[in-house]
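Enquirer: Dropping the structure in here first, questions after.
The values are calculated or read from the model by the stated rules, or taken from the named source; none is laboratory data. Please read all numbers here as calculations on a predicted model, not as lab measurements. So basically every Cβ, Gly included, is an ideal-geometry build from the backbone, and we count neighbours across all protein chains shown. Accessible surface areas use protein heavy atoms only, side chains included; no ligands, DNA or RNA. Shrake-Rupley method; radii C 1.70, N 1.55, O 1.52, S 1.80 Å.
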Amino acid sequence: MASENADGTYSPSEEYRKRTYIDSYAKYEEMYRKSIEEPEEFWTEQAENLDWYSKGWKKVFDWNKKASTFTWFKGGKLNACYNCLDRHVEGGLKNTAALIFEADEPGNSRVYTYGLLLSEVEKFANVLKSKGVKKGDRVAVYLPMIPELAITVLACARIGAVHSVVFSGFSTDSLFNRVQDSDSKVLVTCDGSYRGGKTLDMKGKVNEMLERETSVDSVIVVKHTGKDVVMEDGRDFWWHEEMSKADLKCPCEQMDAEDPFFILYTSGSTGKPKGVLHTVGGYMLGVTITFKYAFDYRPGETHWCTADLGWITGHSYVLYGPLSNGATTLMFEGVPNYPDNGRFWEIVENWKVDIFYTAPTAIRMMRKSGDEWVRKHDVSSLKVLGSVGEPIDSSVWKWYYEVVGNGRCPIADTYWQTETGSHIILPLPGAWNQKPGSAMKPFFGIEPVILNEDKTPTPVGQDGRLCIKKPWPSCARTLWGDHEKYKETYWNPYPGYYFSGDGARQDSDGDIWITGRVDDVISVAGHRIGAAEVEAALIAHPAVSEAAVVPIPDEMKGEAIYGFVTLKNGFEDSEELRNDLVKQVRNEVGPIATPKTIQIAEELPKTRSGKIVRRMLRKIASGSDFRSMDASTLVDPGVLDDLVKGRR
Ligand code: WTA
């Protein structure tokens, strides 16, 4: 068992070094240097990891800084579904497991070989076509973690339709906004879903949404829980009936590398979620090579990423990255603590998982439930562990390393975002010693720079804002229907750089430590929630005059939501009202955005220009000393004392 070095780092074991692709810092440095100094050559070589119909690009990379537009491999032709399925079927993996589905209820699993998955995808691609879906059309997908979700998005990729997956835990309103913004004509959903032994409604929520005027003409419904649902003739179709009629073969559409691939909505600092758009070539290249290097994937291994496909981690590392590499990927419908706290480890044991990738929130939960749950199971198949979504505290890192990995498995603490498409900062597991809690070094082609608010470089050891020099292949190209907002959010704040929205610092070894969001995004259990979205939901309540929500530290979820609300005349603070406000947010945004605390206030701290000073509210909510802050910009500094007194 490898243990902590004197300097607090952990070295990869000799055994691990044999497995890794990049087995020394020098090798990483050589590849990294090439990716920065000769990017065209580097990326042309890396493009060999994909199958192309034509490598007819004139320029590998073309960037119009002023317009904040750029292209990678424009003119090259490929298909993402071909790269994930057909090429492996042709290459000898036809009867190898592509997708293992582990249901919420233990014992209900299904395994799709590459051959079977391909034939299901071809049939469903024909179903989509029969509903009028063509290249470039948007298809909204509102499904829990069941194989039909993977089949749907791969079928879209096959025919060049742009998928827009909406997390199944989002409410009717959130679904409505996303469907309308993407102008989706077809929606794929199911009757209901399972979660921790409970059955949840899905079709009812869809029906409620469709009572409004929407862009949707056809709804395809998977029968999953078998509950009774209301189907509308001519609009709603059962998945199984459509599949039984569908033609078996469907050719792949030859897509330009720069054609739109998918939209995924994420939260930003405004109320409206942003439709992050990825393109086929750059995204596929990013996920294919990061999957290979971040986890040292070796043919025949089983990979399990616990993320939901409703988030980018699910897109990139449940689906596209592993399948593009010909891996066996595991898809889990359930939760870590059902039927008991050992569920994750039971799955690892049963399926002999090699690569396990999860979020610090889940790791904290496991740690709290006790080491015995891990010890009950044989998890010795694990070779490498991954962490994503939030900064991982060094004590949590050590628990993960020692108890889950038994001191044998390096941890890839992968930093990235919906917008970056694939990992951008991470410790390559076999290349150097790891530092618990640090995302460490940039991936190939990524030049991180930490800047002060005044745009000067931040000195070593000090907190600043994480920016990236130059676009990389899997960087989002635009926000759906709003390129101005894309420019304004990512490229204008620090001209010439991509602005991540995260704080970071670099230590004297040049290693990067991510410190969390510096904008109004709250990370609840690693899920991005826009403060503005929650505020908009609160303000929609008849009693509310103003609302400001801020993150507070939470032992389990990393961050929780704390809301300050002022009431309209005639309304008074009561527990009932506060509960009602919480309910309002759950209904309008979804249960993941449930505020932990609501504080009713007389007034909120504002500047003379009327801006609410969230910085101060953050301090008050988390009980830290707000007196050190400069309150001179406030119209009435006296409100702070009242807020502190009213803290809940
Ligand atoms: C945070 C998830 C620290 C960060 C892939 C980022 C992390 C946001 C890490 C993106 C990490 C992600 N260490 N923080 N390893 N990975 N984050 O778009 O704040 O859902 O901006 O993508 O998660 O969340 P998103």
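Enquirer: Need the failing condition index for Gly510 against (1) over 30 Å from Lys59 (Cβ atoms); (2) more than 13 Å from the ligand (Cβ to nearest atom); (3) under 18 Å from the mean Cα position of the chain (by Cα), just the number.
Expert: Going through (1) over 30 Å from Lys59 (Cβ atoms); (2) more than 13 Å from the ligand (Cβ to nearest atom); (3) under 18 Å from the mean Cα position of the chain (by Cα) one by one, Gly510 breaks only (3).
Enquirer: Residues Gly204, Gly197: which one is open to solvent by 20 Å² or more (accessible area, probe 1.4 Å) and on the phi > 0 side of the Ramachandran plot?
Expert: Working: Gly204 fails: on the phi > 0 side of the Ramachandran plot.
Every option except Gly197 fails the conditions.
Enquirer: Tell me the residue from Val348, Val396 that is open to solvent by less than 50 Å² (accessible area, probe 1.4 Å), among the β-branched types (Val, Ile, Thr) and within 16 Å of the ligand (Cβ to nearest atom), please.
Expert: Numbers: Val348 fails: within 16 Å of the ligand (Cβ to nearest atom).
So the residue among Val348, Val396 that is open to solvent by less than 50 Å² (accessible area, probe 1.4 Å), among the β-branched types (Val, Ile, Thr) and within 16 Å of the ligand (Cβ to nearest atom) is Val396.
Enquirer: Go through the stretch 515-559 and give me each residue that's more than 24 Å from Lys611 (Cβ to Cβ), out of contact with any Gly (no Cβ under 6 Å at 6 or more places or on another chain) and either open to solvent by less than 30 Å² (accessible area, probe 1.4 Å) or away from the ligand (no atom under 14 Å from the Cβ) (or both).
Expert: Val524, Ala525, Pro542, Pro553, Asp554, Glu555, Met556, Gly558
Residue by residue, here is whether (1) at pLDDT below 95; (2) within 13 Å of Val388 (Cβ to Cβ); (3) within 16 Å of the ligand (Cβ to nearest atom); (4) in contact with a strand residue (DSSP E or B) (Cβ under 8 Å, 6 or more places away or on another chain) holds:
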{"site": "Trp311", "(1), (2), (3), (4)": "no, yes, yes, yes"}
{"site": "Ser316", "(1), (2), (3), (4)": "no, yes, yes, no"}
{"site": "Ser324", "(1), (2), (3), (4)": "no, no, no, no"}
{"site": "Pro339", "(1), (2), (3), (4)": "no, no, no, no"}
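Enquirer: In addition: Which condition breaks for Gly430 when tested against (1) open to solvent by less than 10 Å² (accessible area, probe 1.4 Å); (2) of a type outside the set (Asp, Glu); (3) under 29 Å from Gly501 (Cα atoms)?
Expert: Every listed condition holds for Gly430 apart from (3).
Enquirer: How many residues does the stretch 439-470 contain that are within 16 Å of the ligand (Cβ to nearest atom), part of a loop (DSSP other than H, G, I, E, B) and surrounded by 17 or more Cβ atoms within 10 Å (Cβ to Cβ)?
Expert: Within the stretch 439-470, residues that are within 16 Å of the ligand (Cβ to nearest atom), part of a loop (DSSP other than H, G, I, E, B) and surrounded by 17 or more Cβ atoms within 10 Å (Cβ to Cβ) number 3.
Enquirer: Residues to consider are Trp57, Trp52; find the one that is at negative phi, open to solvent by 30 Å² or more (accessible area, probe 1.4 Å) and touching a Leu at 6+ places or on another chain (Cβ under 8 Å).
Expert: Details: Trp57 fails: touching a Leu at 6+ places or on another chain (Cβ under 8 Å).
The conditions single out Trp52.
Enquirer: Exactly one condition in (1) under 27 Å from the mean Cα position of the chain (by Cα); (2) open to solvent by less than 40 Å² (accessible area, probe 1.4 Å) is false for Gly75; which is it?
Expert: The one condition Gly75 does not meet is (1).
Condition check ((1) on the phi > 0 side of the Ramachandran plot; (2) surrounded by 14 or more Cβ atoms within 10 Å (Cβ to Cβ); (3) in a strand (DSSP E or B); (4) at pLDDT below 90) across all residues:
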position: Arg586; (1), (2), (3), (4): no, yes, no, no
position: Gln599; (1), (2), (3), (4): no, yes, yes, no
position: Leu604; (1), (2), (3), (4): no, yes, no, no
position: Ser624; (1), (2), (3), (4): no, no, no, yes
position: Ser632; (1), (2), (3), (4): no, no, no, yes
position: Asp636; (1), (2), (3), (4): no, no, no, yes
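Enquirer: Considering the stretch 426-438 alone, what residues qualify as being among the aliphatic types (A, V, I, L, M) and either out of contact with any strand residue (DSSP E or B) (no Cβ under 9 Å at 6 or more places or on another chain) or within 13 Å of the ligand (Cβ to nearest atom) (or both)?
Expert: Once the filter is applied, which keeps residues that are among the aliphatic types (A, V, I, L, M) and either out of contact with any strand residue (DSSP E or B) (no Cβ under 9 Å at 6 or more places or on another chain) or within 13 Å of the ligand (Cβ to nearest atom) (or both), the stretch 426-438 yields only Leu426.
Enquirer: Looking only at residues that are crowded, with 24+ Cβ neighbours inside 10 Å and of a type outside the set (Gly, Ala, Ser) in the stretch 249-275, which one is farthest from the ligand (Cβ to nearest atom)?
Expert: In this case the residue turns out to be Met255.
Enquirer: Further question: Given the residues Gly570, Gly563, which is the only one that is away from the ligand (no atom under 15 Å from the Cβ), touching a Pro at 6+ places or on another chain (Cβ under 6 Å) and farther than 21 Å from Ala362 by Cβ?
Expert: On the way: Gly570 fails: touching a Pro at 6+ places or on another chain (Cβ under 6 Å).
Only one candidate qualifies: Gly563.
Enquirer: Separate question: I need the full set of residues from the stretch 606-622 which are assigned to a helix (DSSP H, G or I) and surrounded by 16 or more Cβ atoms within 10 Å (Cβ to Cβ), in order please. Give the derivation first.
Expert: Start the filter on the stretch 606-622 by keeping residues that are assigned to a helix (DSSP H, G or I), which leaves 614-621.
Those that are assigned to a helix (DSSP H, G or I) and surrounded by 16 or more Cβ atoms within 10 Å (Cβ to Cβ): Arg614, Met616, Leu617, Arg618, Lys619, Ile620, Ala621.
Enquirer: Here's another thing I want to ask about it. Among the candidates Ala560, Ala543, single out the residue that is under 23 Å from the mean Cα position of the chain (by Cα) and at pLDDT 95 or above. First the steps, then the outcome.
Expert: Numbers: Ala543 fails: under 23 Å from the mean Cα position of the chain (by Cα).
Exactly one residue qualifies, and that residue is Ala560.
Enquirer: Can I ask one more? When you check Gly300 against the structure, is it open to solvent by 30 Å² or more (accessible area, probe 1.4 Å) and within 16 Å of the ligand (Cβ to nearest atom), yes or no? So that I can check it myself, show each step before the final result.
Expert: Details: open to solvent by 30 Å² or more (accessible area, probe 1.4 Å): yes; within 16 Å of the ligand (Cβ to nearest atom): no.
Judged against the criteria, Gly300 is not a match.
Enquirer: Let me ask another. Give the stretch 69-99 a look and list any residue that's in a strand (DSSP E or B) and not aromatic (Phe, Trp, Tyr), or say none. Explain how you work it out, then say what you get.
Expert: Of the residues in the stretch 69-99, the ones in a strand (DSSP E or B) are 69-72, 77-78, 97-99.
Of everything in the stretch 69-99, those that are in a strand (DSSP E or B) and not aromatic (Phe, Trp, Tyr) turn out to be Thr69, Thr71, Lys77, Leu78, Ala97, Ala98, Leu99.
Enquirer: Can we say Gly503 is touching an Asp or Glu at 6+ places or on another chain (Cβ under 6 Å) and crowded, with 17+ Cβ neighbours inside 10 Å? Lay out the reasoning, then the answer.
Expert: On the way: touching an Asp or Glu at 6+ places or on another chain (Cβ under 6 Å): yes; crowded, with 17+ Cβ neighbours inside 10 Å: yes.
Against the criterion (touching an Asp or Glu at 6+ places or on another chain (Cβ under 6 Å) and crowded, with 17+ Cβ neighbours inside 10 Å), Gly503 qualifies.
Enquirer: Looking at the stretch 143-196, which of its residues are farther than 23 Å from Ser267 by Cα, among the charged types (D, E, K, R) and touching a residue at least 60 places away in the same chain (Cβ under 8 Å)?
Expert: Correct list: Glu148, Arg158, Arg195.
Enquirer: Any chance you could count how many residues in the stretch 244-271 are more than 22 Å from the chain's Cα centre (by Cα) and among the polar types (S, T, N, Q)?
Expert: Residues in the stretch 244-271 being more than 22 Å from the chain's Cα centre (by Cα) and among the polar types (S, T, N, Q): 2 in total.
Enquirer: Just name the residue that is most open to solvent (accessible area, probe 1.4 Å) out of those in the stretch 376-393 that are hydroxyl-bearing (Ser, Thr, Tyr) and over 23 Å from the mean Cα position of the chain (by Cα).
Expert: Going through the stretch 376-393, the residues hydroxyl-bearing (Ser, Thr, Tyr) turn out to be 380-381, 387.
When the remaining residues are screened for being over 23 Å from the mean Cα position of the chain (by Cα), the result is 380-381.
Working: Ser380: 75, Ser381: 18 Å².
Per the criteria, the residue is Ser380.
Enquirer: Let me ask something else about it. Could you pull out the residue among Ala476, Ala412 that is within 19 Å of the chain's Cα centre (by Cα), closer than 29 Å to Tyr10 by Cβ, within 11 Å of the ligand (Cβ to nearest atom) and crowded, with 24+ Cβ neighbours inside 10 Å? Lay out the reasoning, then the answer.
Expert: Values: Ala476 fails: closer than 29 Å to Tyr10 by Cβ.
Going through Ala476, Ala412 in turn, the sole match is Ala412.
Residue by residue, here is whether (1) assigned to a loop (DSSP other than H, G, I, E, B); (2) more than 9 Å from the ligand (Cβ to nearest atom); (3) farther than 18 Å from Asp354 by Cα; (4) free of Cβ contacts under 8 Å to residues at least 24 places away in the same chain holds:
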{"residue": "His377", "(1), (2), (3), (4)": "yes, yes, no, no"}
{"residue": "Ser381", "(1), (2), (3), (4)": "yes, yes, no, no"}
{"residue": "Leu385", "(1), (2), (3), (4)": "no, yes, no, no"}
{"residue": "Glu390", "(1), (2), (3), (4)": "yes, no, yes, no"}
{"residue": "Val403", "(1), (2), (3), (4)": "no, yes, no, no"}
{"residue": "Asn406", "(1), (2), (3), (4)": "yes, yes, no, no"}
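Enquirer: Output the residues belonging to the stretch 556-590 that are farther than 27 Å from Pro273 by Cβ and among the acidic types (Asp, Glu).
Expert: Of everything in the stretch 556-590, those that are farther than 27 Å from Pro273 by Cβ and among the acidic types (Asp, Glu) turn out to be Glu572, Asp573, Glu575, Glu576.
Enquirer: Please enumerate the residues belonging to the stretch 219-240 that are assigned to a strand (DSSP E or B) and over 20 Å from Ser109 (Cβ atoms).
Expert: Narrowing the stretch 219-240 to residues assigned to a strand (DSSP E or B): 219-222, 236-238.
Of everything in the stretch 219-240, those that are assigned to a strand (DSSP E or B) and over 20 Å from Ser109 (Cβ atoms) turn out to be Val219, Ile220, Val221, Asp236, Phe237, Trp238.
Enquirer: Condition check: farther than 19 Å from Val644 by Cβ, loosely packed, with under 15 Cβ neighbours inside 10 Å and at pLDDT 95 or above. Does Glu575 satisfy that?
Expert: Yes, satisfied.
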